[in-house]
Amino acid sequence: MYSQGLIGAGSENKETPEFLAAFQARIDADEKIEPNDQMPAAYRKTLIRQIGQHAHSEIVGMLPEGNWITRAPTLRRKAALLAKVQDEGGHGLYLYSAAETLGVSRKEMTEELISGRAKYSSIFNYPTQTWADIGAIGWLVDGAAIMNQVPLCRCSYGPYARAMIRVCKEESFHQRQGYEIILTLAEGSEAQKDMAQDALNRWWWPSLMMFGPPDGESPNSDQSTLWKIKRFTNDELRQKFVDATVPQALRLGLSLPDEALKWNETQERYDYGEIDWDEFWNVVKGHGPLNKERVAARKKAWDEGAWVRDAAMAHAKKVSQLNITPIAAE
Amino acid sequence: MVDEEEIPLWEVFIRPRNGLAHRHCGSLHATDSKMALQAARDVYTRRGEGLSVWVIPSVQISASDPQDREEMFDPSDDKVYRHPNFYNIPDDVGHM
């Protein structure tokens, strides 16, 4: 929202110590910050970056799964996958709309994505090689996303928190449909079981990387925690995910591709092996298996849709000149 | 796309069921009201969230500035006589 004129993005708040202290006091009192409120420029900038990246992730996330819609093994699976991919598109739109309340335009965000400047979750730069990958994505990637997103429902910025509530409600079907796919394969023929195991082997580590760099190497963490944008550290969320997911893998009769993984009796959690952070940074910096293809696919879709946007704008202008009134509300 | 015009922003309001008021739920881009209604249906009501949708161009909304909060809303705080418990009614009158 809202009335764009009021968004303070262009106006300079005088960020005196009193102003910053008063803002922090609102955060500490668990007050929500709303679009037209005064806020430190860095708070606005952090949110624009984070919500924008989150939105891009949802949009790019449609690509690896969209890859299998035409090849889903049954009509039931196909309908569910279509609905899931449509949801991801919807999630991207809720998030773009939340980011726009901070004064960034949709056009700027789109431009950033299709020019390759924007970051998005690096997991989507991995290929979906078999049908089992669709199961692994729903179960692991959406599972990891839920771990990240549930605490964001309490984020200090109102529009982001509200978007997250909608997203989380919808994600739980995503994870269940993924687990059901893997479960069906795991209980199937030897070849199907191998396919499920292979998918788990390839998606496990990238899923753990979704929580971001280890605590201490995460540049934006401390300030985001202070501002209650972030409620848990990367490592805390990663641990929660491991603890929730390992028993689900065991239930499938599959093994996790980590020899160091074992239950820690005293800490009551699973210890896991070293994550290959070189691989993570490599993909983040644009050298993952499909970074170029993903951005190219978004650019192609945008460019090929240009005539539709132009035609719709031209039509709207023509109709408004003819003075045709739209249907009135009630 | 640099010279492409930005497609207008619309605010979306949904009535979850009859008996409740329409409630703001987010925004979207559309070139006209027909497209905005269809997009609102697709984006905001995929799981039976609504029975009625309103869309309005965001530029048409006039909003109060949160910085004017005090002069806008504080005057209502000192009018305690607007509240029922300002008035003394003996207990034996019963519930009123």
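The values are calculated or read from the model by the stated rules, or taken from the named source; none is laboratory data. None of the values given here were measured: they were computed from a predicted structure. Neighbour counts run over all protein chains shown; Cβ positions are idealised from the backbone, glycine included. Just the protein is used for accessible areas: all its heavy atoms, side chains included, with ligands, DNA and RNA removed. Shrake-Rupley method; radii C 1.70, N 1.55, O 1.52, S 1.80 Å.
General observations
- Exactly one residue out of A:59, A:69 is more than 14 Å from chain B (Cβ to nearest Cβ), at negative phi and open to solvent by 10 Å² or more (accessible area, probe 1.4 Å): that is A:69.
- Selection of the stretch A:19-56 for residues being open to solvent by 50 Å² or more (accessible area, probe 1.4 Å) and within 14 Å of another protein chain (Cβ to nearest Cβ) yields A:22, A:31, A:32, A:34, A:38.
- Number of positions in the stretch A:291-315 that are more than 25 Å from residue A:67 (Cα to Cα) and exposed (fewer than 13 other Cβ atoms within 10 Å of the Cβ): 2
- The lone exception for residue A:266 - which of (1) within 29 Å of residue A:49 (Cβ to Cβ); (2) free of Cβ contacts under 8 Å to residues at least 60 places away in the same chain it fails: (1)
For every residue, the table says whether it meets (1) out of contact with any helix residue (DSSP H, G or I) (no Cβ under 6 Å at 6 or more places or on another chain); (2) open to solvent by 40 Å² or more (accessible area, probe 1.4 Å); (3) in a helix (DSSP H, G or I); (4) among the small types (Gly, Ala, Ser).
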position	(1), (2), (3), (4)
B:27	no, no, no, yes
B:41	yes, yes, yes, no
B:48	yes, yes, no, yes
B:64	no, yes, no, yes
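- Subset of the stretch A:112-149 (residues that are buried (at least 24 other Cβ atoms within 10 Å of the Cβ), farther than 27 Å from residue A:48 by Cβ and among the β-branched types (Val, Ile, Thr)): A:134, A:137
- The condition (being within 14 Å of chain B (Cβ to nearest Cβ) and either open to solvent by less than 20 Å² (accessible area, probe 1.4 Å) or part of a loop (DSSP other than H, G, I, E, B) (or both)) is satisfied by just one residue among A:108, A:88: A:88.
- Pair list, Cβ < 6 Å and 6+ apart or interchain, from the stretch A:82-105 residues that are touching a residue at least 24 places away in the same chain (Cβ under 8 Å) to residues that are small (Gly, Ala, Ser) and surrounded by fewer than 20 Cβ atoms within 10 Å (Cβ to Cβ): A:103/A:9
- Meets criteria (within 12 Å of another protein chain (Cβ to nearest Cβ), under 22 Å from residue A:34 (Cβ atoms), more than 16 Å from the chain's Cα centre (by Cα) and not in a loop (DSSP other than H, G, I, E, B)) for residue B:55: no
- Looking only at the stretch A:160-218, and only at residues there that are open to solvent by 50 Å² or more (accessible area, probe 1.4 Å) and of a type in the set (A, V, I, L, M), the one that is farthest from the other protein chains (Cβ to nearest Cβ): A:191
- For the stretch A:258-290, the set of residues classified as in a loop (DSSP other than H, G, I, E, B) and surrounded by fewer than 16 Cβ atoms within 10 Å (Cβ to Cβ) consists of A:259, A:260, A:265, A:266, A:267, A:268, A:273, A:274, A:276, A:289, listed by residue number.
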